[in-house]
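Structure, as structure tokens:
The values are calculated or read from the model by the stated rules, or taken from the named source; none is laboratory data. Since we're looking at a predicted model, the values are computed, not measured. All Cβ positions, even for glycine, are placed from backbone atoms using ideal geometry, and neighbour counts span all protein chains on display.
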Amino acid sequence: MPKKANALSLPDEIIMNKIYFLRGYKVMLDKDLAELYGVETKVFNQAVRRNLNRFPADFMFELTRPEFENLRSQFVTSSWGGTRYMPNAFTEQGVAMLASVLNSDKAISINIQIVRVFTRIRQMLIDNTELRLAIEDIRKKTENNSKNIELVFQYLDELVEKKEKENHPGKKIGF
């Protein structure tokens with residue numbers, strides 16, 4: 001189904017650049033989500049706190065200090081400044097749940113787009129895994145072929161040596 005043109009949508013690359021891999025999850029940070037939705041991080045987090053029962057640990061978690069420092073070190077310039085609280089990270093399911101918490105047209109539109117980007121990333125990972133498995137299969141076959149070719153050459157060498165011994169049975173003495 002073709003994607004509907006929407007005045008509120010963003011380039012997918014902007015969203016993709018705000019997805020991180022932490023604790024085995026693809027996540028987005030509260031700060032980035034608030035920016036995409038066009039609200040202050042404080043207001044965004046207040047809406048989430050009012051609905052905490054919708055965000056179990058596999059939907060949302062707070063970053064640890066080392067995780068936060070590691071993420072911050074990946075950016076040349078940090079816009080986080082002096083953060084009082086560790087950021088919240090939202091998994092794909094957590095982002096989907098945000099749709100029930102945030103009701104502005106912009107939030108709904110951006111949320112749909114984010115879920116679609118997560119879905120595309122998941123499909124790309126599946127495709128990548130299938131490709132890697134196919135390459136591994138070809139590599140194994142190639143290794144086996146190399147071993148078989150070596151064996152064939154070894155047999156050929158033995159046959160050539162045997163033939164040479166038959167044709168030259170030894171040194172003849174006399175005429």
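Data for the structure
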read-out: Qualifying position, being assigned to a loop (DSSP other than H, G, I, E, B) and β-branched (Val, Ile, Thr), among Val160, Val101, Val95; value: Val101
read-out: Yes/no for Glu143 being modelled with pLDDT of 80 or more, assigned to a helix (DSSP H, G or I) and at negative phi; value: no
read-out: When residues of the range 37-62 are limited to those that are in contact with a Leu (Cβ under 7 Å, 6 or more places away or on another chain) and at pLDDT 90 or above, the one nearest to Ser109 (Cα to Cα); value: Phe44
read-out: The range 71-90 - residue that is modelled with pLDDT under 60 and loosely packed, with under 10 Cβ neighbours inside 10 Å and, of those, farthest from Asn45 (Cα to Cα); value: Val76
read-out: Within the range 35-74, tally of residues that are basic (Lys, Arg) and assigned to a loop (DSSP other than H, G, I, E, B); value: 1
